[in-house]
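Everything on this sheet refers to the single structure shown next.
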Amino acid sequence: MRQYESHLDCRRAVGLKIAREAPDRIGALYDVGRDIAGQPANFRLAARQKHSKAKAEAFRVWAEAQLTRIPGKGDLAQAFHYGLSRGHSFCLFLEDGRGRHGYNAAERANGNYQV
C-alpha cells in the first residue's frame, strides 16, 4: 500500500510542477505583448512573428507532451485539453498585428463570451 501511495505522491508532484510551469510559459508570450504595446499594427505583427511564434509552438508541443505525464481524467489534463482544443484561436494574434492575444479571442471565436 505504501508503494502505491508513493506513486500517487510522485504523480501529484509532477502535476504540481507542470501546473506551475504552464503560466510561466504563457507569461513569456504576454511579455512580448507588453513590449510591443502601443506600436503600429505592422510592427506588432513583425515582432509577434519574430518573438512569439516559436514560443507559442513550443508551448503547444510542451503541453501535448505533459498530457502523457499526468492523469488523463484529472483537472489539469482537462485544462490542457481545453487549451489545446482552442490552440488555433489562441494563435490568431500571430497572423494579425491589430488585436491582442489570449484566450479571450478564442472564447469570442467560439461564441462563449459575455458583454
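Do you know which residues across segment 54-98 are exposed (fewer than 14 other Cβ atoms within 10 Å of the Cβ), basic (Lys, Arg) and either in contact (Cβ under 8 Å) with a residue 24 or more places away in the chain or under 30 Å from residue 39 (Cβ atoms) (or both)?
Hits for segment 54-98 are 69, 98.
So for segment 47-65 (the condition being over 17 Å from residue 85 (Cβ atoms), among the aliphatic types (A, V, I, L, M) and over 17 Å from the mean Cα position of the chain (by Cα)), does at least one residue qualify?
Yes, some residue in segment 47-65 is over 17 Å from residue 85 (Cβ atoms), among the aliphatic types (A, V, I, L, M) and over 17 Å from the mean Cα position of the chain (by Cα).
Which of (1) under 13 Å from residue 66 (Cα atoms); (2) small (Gly, Ala, Ser); (3) modelled with pLDDT of 90 or more does residue 15 not meet, given it meets every other one?
Result: residue 15 passes all but (3).
Please identify the pairs in which a residue from segment 15-39 that is over 22 Å from residue 93 (Cα atoms) has its Cβ atom under 6 Å from the Cβ atom of a residue that is not in a loop (DSSP other than H, G, I, E, B), counting only partners at least 6 apart or on another chain.
Sorted first by the residue in segment 15-39, then by its partner, the pairs are 15/76; 18/66; 19/76.
In the list 78, 49, which residue meets the criterion of being over 30 Å from residue 98 (Cα atoms) and modelled with pLDDT of 90 or more?
After applying the criteria, what remains is 78.
The values are calculated or read from the model by the stated rules, or taken from the named source; none is laboratory data. The structure displayed is predicted, hence computed values, not measured ones. Every residue, glycine among them, receives a Cβ derived from its backbone with ideal geometry; neighbour counts consider all protein chains shown.
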